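What follows is a set of notes on a single structure, which appears directly below.
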Amino acid sequence: MNFQAPEGTRDITPEQVVLWNRLEKAARETFSRFGYEEVRTPIFEYTALFHKSSGETTDIVEKEMFTFGDPEDKKGTYSLRPELTPGTIRALIENQLFAKKNFWKVWYLGPAFRKERPQKGRYRQFTQIGVEAMGSSDPLVDAETMVLFAEILKAVGVTAWELRINSIGCKECRPAYREALKAYIRPLLGTLDENCQRRFERNVFRILDCKVDAEKLKDAPKAMDHLCPQCKAHMAVVEKALQACAVPYRVDPRIVRGLDYYTRTVYEFSSSALGSQNALAGGGRYDTLVGSMGGPDVGSVGFAAGVERILLAMGGEAPPPAPDFYAIAAGDVARDEVFKTVMALRRAGLSGDMDFEGRSVKAQMRSANKAAARYALFIGPEEAQKGAVKLKDMKDGAEQTVSLDEAVRKLQGGMTA
Ligand code: AMP
């Protein structure tokens, strides 16, 4: 019987994990440089949390959640998290972190789950990496999150990206825009696809997201033309900050984002290196969400990026890190002597391995080459007796027999060189 991974899920093999680690390391370093702290939350939450935060009318909540548990349970069912923002906000509120300081900048990385139709770049289990900056309405924080993501892309060598931004207003100016949009779309409604028709009453902004009828909506009223003076001023600061940091962007009135909670700034990073699933990250400001979830009434902004998508944009494969040594059992040496030496080197902070398959010296040498070890380290009966090793520099082929201590020093010297 052959087992298969569930549809829409993927394994990360040792060959692929090197790139993952590179991305995670670059992200961690960048988050830390920008003053963001890590937070980890459960992969499932009470379903009600997502209804409250992600929004009842979003695709994610309407049809993409993996929900389980007993509906009769007083606290309701559970759902695998379709995104990490709701759990992150819940965690800050529940752990009373806002009592310690008013402004939190946190980041997260972990799996998210959506019951989508799988295709390249779109999975049912995928990994999100993202930030939430909660407790400030300063437009500079909006810009900071965008510069931050651009830095992560730079750190991993992704250059083919585009940033599109928009402002969808606030509770002051949005109602008038909603009406203007509805008035424009109403006569077209019969010609739009079923999905859009459904969205008309429930969440008209999402019609702008429509891929099918994009052409029919190209002259629809733009949120940017309906902003109140405060929202206009906010957007102007965001744009100026991006320009000052030389982060290229384009204002795109079609960016509305799929989630209900956004206010003012919304943005999307996409990559021309990807196919139809080209969104790398999406984010924006959500000034009312934390308050509506029982937290303080504070302004917040964040983004979520898809790790698998960034990896696709990075392309290629990375070789695993080269070890310092590969120990070779030469001649009739007791293998536990080799083992002892290998352990002494590893305990001294060096990386390396030995043969566990009882193979010939020639085959062991092949392993040393394949692993791209800096040194092959021969241990024969003579060396074992003297507590010595024969080092072979794999670059220039130079050989020398040295004591184990000297070998450690030499290899460590190479580490810092
Ligand atoms: P969203 O919360 O839908 O804006 O998602 C944020 C980011 O997560 C997107 O820009 C994608 O990079 C990634 N993403 C969303 N859904 C999926 C999925 N089903 N498979 C892989 N990546 C996804």
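Side notes on the structure shown:
- Some residue of the range 28-35 being modelled with pLDDT of 95 or more, outside any helix (DSSP H, G or I) and away from the ligand (no atom under 16 Å from the Cβ): yes
- Among the residues of the range 74-115, just one is among the acidic types (Asp, Glu) and within 16 Å of the ligand (Cβ to nearest atom), namely 83.
- Sole residue being farther than 30 Å from residue 149 by Cβ, open to solvent by less than 30 Å² (accessible area, probe 1.4 Å) and modelled with pLDDT of 95 or more, chosen from 411, 350: 350
- Check on residue 133, more than 28 Å from residue 80 (Cα to Cα) and either more than 16 Å from the ligand (Cβ to nearest atom) or touching a helix residue (DSSP H, G or I) at 6+ places or on another chain (Cβ under 9 Å) (or both): no
Matching residues to (1) touching a helix residue (DSSP H, G or I) at 6+ places or on another chain (Cβ under 7 Å); (2) touching a residue at least 60 places away in the same chain (Cβ under 8 Å):
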{"residue": "226", "(1), (2)": "yes, no"}
{"residue": "229", "(1), (2)": "no, no"}
{"residue": "237", "(1), (2)": "yes, yes"}
{"residue": "240", "(1), (2)": "no, no"}
{"residue": "246", "(1), (2)": "no, no"}
{"residue": "254", "(1), (2)": "yes, yes"}
{"residue": "263", "(1), (2)": "no, yes"}
{"residue": "275", "(1), (2)": "no, yes"}
{"residue": "285", "(1), (2)": "yes, yes"}
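- Hits in the range 274-301 (condition: near the ligand (Cβ under 10 Å from one of its atoms) and either open to solvent by less than 10 Å² (accessible area, probe 1.4 Å) or not in a loop (DSSP other than H, G, I, E, B) (or both)): 279, 280, 281, 282, 283, 284
- Test: residue 55 is under 24 Å from the mean Cα position of the chain (by Cα) and at positive phi: yes
- Inter-residue pairs, beta-carbon under 9 Å, first free of Cβ contacts under 8 Å to residues at least 24 places away in the same chain and in the range 6-28, second open to solvent by less than 100 Å² (accessible area, probe 1.4 Å), 6+ apart: 11/5; 12/20; 17/320; 21/318; 25/155; 28/38; 28/107; 28/109
- Of the residues in the range 160-181, at least one is polar (S, T, N, Q) and within 16 Å of the ligand (Cβ to nearest atom).
The values are calculated or read from the model by the stated rules, or taken from the named source; none is laboratory data. Just so you know, these numbers come straight off a predicted model, no measurement behind them. Cβ coordinates were reconstructed from backbone atoms using ideal geometry, including for glycine residues, and neighbour counts include every protein chain displayed. Just so you know, the surface numbers come from the protein's heavy atoms only, side chains and all, with ligands and any DNA or RNA stripped out. Shrake-Rupley method; radii C 1.70, N 1.55, O 1.52, S 1.80 Å.
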